[in-house]
Amino acid sequence: KSEDATGRFDALFLKPENIDTYLAFAASGGEDDNFLVARALRNWKADKVPLELCEFLAYKSVLAYEDEDALRAHFKGGGWRGMVAESFEFFDTGKNGDTQGYGFVSGTTAFIAMRGTTSVDDWATDLSSALTTDEDIAEETLKLIGSAVPRRHLGFASAWGHAAPKIEEWAKKVRNNHGAEELCFTGHSLGGALALIGAHDFAKRNVAKVGGVITFAAPKVGGPEFVKHYSELGLSERTLRCESVEDLVT
């Protein structure tokens with residue numbers, strides 16, 4: 001409700017002008033294209049923060065920690081902010097990487113939210129110091145991650161490699177069935193790392209257009225070569241890393 005807008009987000013890390021703009025929108029009940037979730041990606045420019053989209057994906061990143069039944073219950077009604085209930089899909093690699101996430105369509109965008117750290121396997125992934133360019137990487141692992149270069153965190157790359165086939169299949173399905181023209185990746189912590197790795201992978205392989213990447217407390221995923229390649233794919237200007245300086249992960 002518009003009268004409760006001041007309590008809908010933590011203002012600590014937002015610039016005053018962004019807060020004022022957002023509150024004015026929330027109180028007006030209008031449909032400003034700068035903030036509507038379904039159209040936010042189209043209007044996102046490098047010098048403008050899509051605040052409504054950030055808020056929307058912050059909640060969706062939290063939901064990624066729920067189990068499949070809870071997520072399905074959340075999406076059961078459908079229609080909220082243009083979400084297509086039938087488009088929902090839960091991604092789970094089980095013990096084969098222990099990576100989870102989910103996807104849904106809103107407007108013409110397919111959103112992919114990856115889950116953060118919850119299990120022992122996840123912690124092993126997070127704490128690994130191995131890189132994709134290490135000389136002792138097994139051939140099977142190289143096949144899983146696609147390529148050794150650009151250099152990136154092997155644990156994150158492997159976790160994404162296990163999840164990628166199912167997510168790619170879903171992305172193609174919702175493009176055909178629901179007209180999803182582009183992808184938006186998001187996630188918190190490990191989920192944010194997977195969002196960055198996943199966006200790079202899909203853009204590199206031209207799986208679909210990556211319209212945006214918004215992460216929350218995501219760790220570093222690659223070195224200078226990865227940054228350069230990520231930028232060359234046009235992803236840097238479509239990416240926001242939301243962080244707190246007090247967060248040890250980032």
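Taking the options E140, E181, name whichever one is open to solvent by 60 Å² or more (accessible area, probe 1.4 Å), touching a Lys or Arg at 6+ places or on another chain (Cβ under 8 Å) and not polar (S, T, N, Q).
Values: E140 fails: touching a Lys or Arg at 6+ places or on another chain (Cβ under 8 Å).
None of the others qualify; the one that does is E181.
Whether a residue is crowded, with 24+ Cβ neighbours inside 10 Å, more than 13 Å from Y230 (Cβ to Cβ) and under 16 Å from the mean Cα position of the chain (by Cα) was assessed, and W160 passes this test.
Within region 144-180, the set of residues being in contact with a helix residue (DSSP H, G or I) (Cβ under 9 Å, 6 or more places away or on another chain), touching a residue at least 60 places away in the same chain (Cβ under 8 Å) and not in a helix (DSSP H, G or I) comprises V149, P150, R151, R152, H153, A180.
For every residue, the table says whether it meets (1) of a type in the set (D, E, K, R); (2) within 24 Å of G107 (Cα to Cα).
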| residue | (1), (2) |
| --- | --- |
| A180 | no, yes |
| C184 | no, yes |
| L194 | no, yes |
| K209 | yes, yes |
| G222 | no, no |
| E225 | yes, no |
| Y230 | no, no |
| S236 | no, yes |
| T239 | no, yes |
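For region 198-240: of the residues being of a type in the set (K, R) and surrounded by fewer than 14 Cβ atoms within 10 Å (Cβ to Cβ), which is nearest to A180 (Cα to Cα)?
Kept after step one, since they are of a type in the set (K, R), are these residues of region 198-240: 204-205, 209, 220, 228, 238.
Imposing the further condition that a residue be surrounded by fewer than 14 Cβ atoms within 10 Å (Cβ to Cβ) reduces the set to 205, 228.
Values: R205: 18, K228: 28 Å.
Taking the candidates together, the pick is R205.
Of everything in region 46-101 that's of a type outside the set (A, V, I, L, M, F, W, C) and in a strand (DSSP E or B), which residue is modelled with the lowest pLDDT? So, considering only residues that are of a type outside the set (A, V, I, L, M, F, W, C) and in a strand (DSSP E or B), the one modelled with the lowest pLDDT is E86.
The values are calculated or read from the model by the stated rules, or taken from the named source; none is laboratory data. Note that the coordinates shown come from a computational prediction; the quantities given were computed from them, not determined experimentally. Glycine also receives a Cβ, built like all others from the backbone with ideal geometry; neighbour counts cover every protein chain displayed. Surface areas here come from the heavy atoms of the whole protein model, side chains and all, with no ligands, DNA or RNA. Shrake-Rupley method; radii C 1.70, N 1.55, O 1.52, S 1.80 Å.
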